[in-house]
Amino acid sequence: MMVLEQAKTDKDYSKLVAHIYQASDFDFVGIALQQPYYPFLIKWRFAAGNQSERFRQIVLRRGFGIAGLVFRTGKPFYNNDLSEYSISNKLYTPIASVESLWGAVAVPISTQSGAVSAVLLAGYRRQQIVSAATVSRLIGYLND
């Protein structure tokens, strides 16, 4: 399942994050973008509900962490116990640690050609269950 859209500007991403945060019950909403040049690092660029600015210091690679996994697979991800992953685990997710997220859902934002250009993540700091229905709800915000 891929989410297709036109290339967005920084202003568009900022508005999207703010809209989802205000219109939903998520405690944190963020967008990670991959740099367009080697080594193609992935960074969290936009956020709402963040506890600090530490999320901006997180640097990921494809296949590691939530954003890296979604970039690599092009598929949504959700998990209800992010605390189970330690730094030695491939699914260790620094964004969950920095933002104290208990559960989160992430979906790819893709270009018209199908390449993943960004990852949209929304999460809870409390024990709120995320599921495939949460994935669908988050995708719905992209299609508004």
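A short reminder: the numbers here are calculations on the coordinates, not readings from a lab. Just so it is clear, the model here is predicted, and its values are computed rather than measured.
GNM on the chain, alpha-carbon springs under 10 angstrom: the most fluctuating residue among R126, R45, R61 is R126. The gain in end-to-end length when the Q22 to S97 segment is fully stretched comes to 24.7 nm, 0.36 nm per residue minus the alpha carbon separation. Here the Karplus curve 6.51 cos²θ - 1.76 cosθ + 1.60, taken at θ = phi - 60°, turns the phi angles of region 23-32 into couplings of 8, 10, 9, 5, 7, 8, 9, x, 10, 9 Hz, with x standing for Gly and Pro. Excluding same-chain neighbours fewer than eight residues apart, the aspartates and glutamates reachable from K15 by a Cα-Cα span under 19 Å are E5, D25, D27, E53, D144.
Does region 29-85 classify as rounded, prolate or oblate by the C-alpha gyration tensor (a ≥ b ≥ c root eigenvalues; a/c under 1.5 gives rounded; else a/b over b/c gives prolate, otherwise oblate)? Verdict is oblate for region 29-85. Rounded, prolate or oblate: pick one for the chain, where a ≥ b ≥ c are the square roots of the eigenvalues of its C-alpha gyration tensor, a/c under 1.5 means rounded, and failing that, prolate if a/b is larger than b/c, else oblate. Because its axes are fairly even, with a/c under 1.5, the chain counts as rounded.
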